[in-house]
Amino acid sequence: MIQLRNVTKVYTRAKKTITALDGINLQIDKGDIFGVIGYSGAGKSTLIRLINYLERPTSGDVEVDGLVLGDRSPSQLREVKREIGMIFQHFNLLESRTVSHNVGMPLILAGKPKHEVEARVAELLAFVGLEDRGASYPSELSGGQKQRVGIARALASNPKILLCDEATSALDPETTRSILALLQRINRELNITIVLITHEMSVIQEICNRVAVMENGHIVEEGRALDIFLRP
Ligand code: ADP
Ligand code: ADP
């Protein structure tokens, strides 16, 4: 589903160069819940931005769903970006808009008719367990509820891949477990491949089948989560 071949990303800032990723090779299969773990500065966010094509690699290939991203036309790129949903540590909701508006935003931006947006939003809110909160504003919700809104928005355009950027790092342990259970349902029931980055081992142990450990722009270990982190 996602393949990185010899990917290097170098940033230049104030005449200094930083190698954020250094010759990364990685394969993420359809159906995986793939965890990328590492300390701050290891290169996890850079990896996610390359998969999302928010950034280009300095060298090497990033392939998503069978096509190398650099070879795609602008319209093919828009298409692949619709195949990827993303959720964030701080949820990134529009505070001045209702829950329903936030969830429907990708469909509104894609020019979908109003009745279609409304029907899909109702379906998504039911799926994440917020069917009665559509008219609320984000400030009226708990952290866990806000992340459910973020998840519903990410699912709006039926992605094949869900990228999770420290999606539970701002949540307490109990809320974290309920969000991870929701991610597991998304993986199983909707057949969505999940890539999550985290600095928390417990998150990997809870739901990931495969894991890559990053350090200083390198993958220092990669394999089945069970083999890498024996459960306590
Ligand atoms: P992580 O997500 O694991 O914390 P990042 O991918 O954010 O790691 O960062 C990896 C390295 O690249 C760090 O040294 C960081 O400072 C650097 N870096 C990330 N983004 C940029 C950027 N836009 N410009 C310059 N340096 C960057
Ligand atoms: P963060 O600092 O929250 O990890 P990033 O650096 O990955 O965020 O991205 C910068 C901003 O770009 C985010 O705050 C978000 O609003 C926007 N963004 C990034 N990826 C996406 C996406 N797939 N869909 C919508 N917005 C995005």
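Selection of the stretch 70-80 for residues being surrounded by 15 or more Cβ atoms within 10 Å (Cβ to Cβ) and farther than 23 Å from Leu196 by Cα yields only Arg72.
A quick yes/no check of all residues on (1) at pLDDT below 95; (2) open to solvent by less than 60 Å² (accessible area, probe 1.4 Å); (3) of a type outside the set (Lys, Arg):
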{"residue": "Ala152", "(1), (2), (3)": "no, yes, yes"}
{"residue": "Arg188", "(1), (2), (3)": "no, no, no"}
{"residue": "Val211", "(1), (2), (3)": "no, yes, yes"}
{"residue": "Glu221", "(1), (2), (3)": "yes, no, yes"}
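From Thr46, Thr19, which residue is of a type in the set (Ser, Thr, Tyr) and within 15 Å of the chain's Cα centre (by Cα)? Quick ask: steps written out before the conclusion?
Working: Thr19 fails: within 15 Å of the chain's Cα centre (by Cα).
Of Thr46, Thr19, the one residue that is of a type in the set (Ser, Thr, Tyr) and within 15 Å of the chain's Cα centre (by Cα) is Thr46.
Any chance the stretch 141-162 includes a residue that's out of contact with any Ser or Thr (no Cβ under 9 Å at 6 or more places or on another chain) and over 20 Å from Gly104 (Cβ atoms)? No, every residue in the stretch 141-162 fails to be out of contact with any Ser or Thr (no Cβ under 9 Å at 6 or more places or on another chain) and over 20 Å from Gly104 (Cβ atoms). Against the conditions (1) modelled with pLDDT of 95 or more; (2) open to solvent by 60 Å² or more (accessible area, probe 1.4 Å); (3) within 15 Å of ligand 1 (Cβ to nearest atom), Arg97 satisfies every one except (3).
What number of residues within the stretch 17-69 are charged (D, E, K, R), touching a residue at least 24 places away in the same chain (Cβ under 8 Å), closer than 16 Å to Asn6 by Cα and surrounded by fewer than 17 Cβ atoms within 10 Å (Cβ to Cβ)?
Here is the first cut: in the stretch 17-69, the residues charged (D, E, K, R) are 22, 29-30, 32, 44, 49, 55-56, 61, 63, 65.
Then drop every residue that is not touching a residue at least 24 places away in the same chain (Cβ under 8 Å), which leaves 22, 29-30, 32, 44, 55, 61, 63, 65.
Now drop any that are not closer than 16 Å to Asn6 by Cα, which leaves 22, 44, 55, 61, 63.
Next, only the ones that are surrounded by fewer than 17 Cβ atoms within 10 Å (Cβ to Cβ) stay: 22, 61.
Final tally of qualifying residues: 2.
Would you say Leu141 is at negative phi and open to solvent by 10 Å² or more (accessible area, probe 1.4 Å)? Taking the combined requirement at face value, the residue satisfies it.
Restricting Leu171, Leu183 to those that are within 13 Å of Ile151 (Cβ to Cβ) and open to solvent by 20 Å² or more (accessible area, probe 1.4 Å) reduces the list to Leu171. If only residues of the stretch 51-83 that are over 14 Å from the mean Cα position of the chain (by Cα), more than 24 Å from Arg224 (Cα to Cα) and assigned to a loop (DSSP other than H, G, I, E, B) are counted, the one that is nearest to ligand 1 (Cβ to nearest atom) is Glu55.
Go through the residues of the stretch 81-93 one by one and say whether even a single one is more than 16 Å from ligand 2 (Cβ to nearest atom) and either touching a residue at least 12 places away in the same chain (Cβ under 8 Å) or open to solvent by 60 Å² or more (accessible area, probe 1.4 Å) (or both). Walk me through how you get there before you give the answer.
Kept after step one, since they are more than 16 Å from ligand 2 (Cβ to nearest atom), are these residues of the stretch 81-93: none.
No, every residue in the stretch 81-93 fails to be more than 16 Å from ligand 2 (Cβ to nearest atom) and either touching a residue at least 12 places away in the same chain (Cβ under 8 Å) or open to solvent by 60 Å² or more (accessible area, probe 1.4 Å) (or both).
Regarding Ile24, is this residue at pLDDT 95 or above and either closer than 18 Å to Ala167 by Cα or in contact with a Ser or Thr (Cβ under 7 Å, 6 or more places away or on another chain) (or both)? Considered against the rule, which asks whether it is at pLDDT 95 or above and either closer than 18 Å to Ala167 by Cα or in contact with a Ser or Thr (Cβ under 7 Å, 6 or more places away or on another chain) (or both), Ile24 comes out as no.
The values are calculated or read from the model by the stated rules, or taken from the named source; none is laboratory data. What you see is a predicted model; the values in this text were computed from it and never measured. Every residue, glycine as well, gets a Cβ built from its backbone with ideal geometry; the counts of neighbours run over all protein chains shown. These area figures cover heavy atoms from the full protein model, side chains too; ligands, DNA and RNA do not enter into them. Shrake-Rupley method; radii C 1.70, N 1.55, O 1.52, S 1.80 Å.
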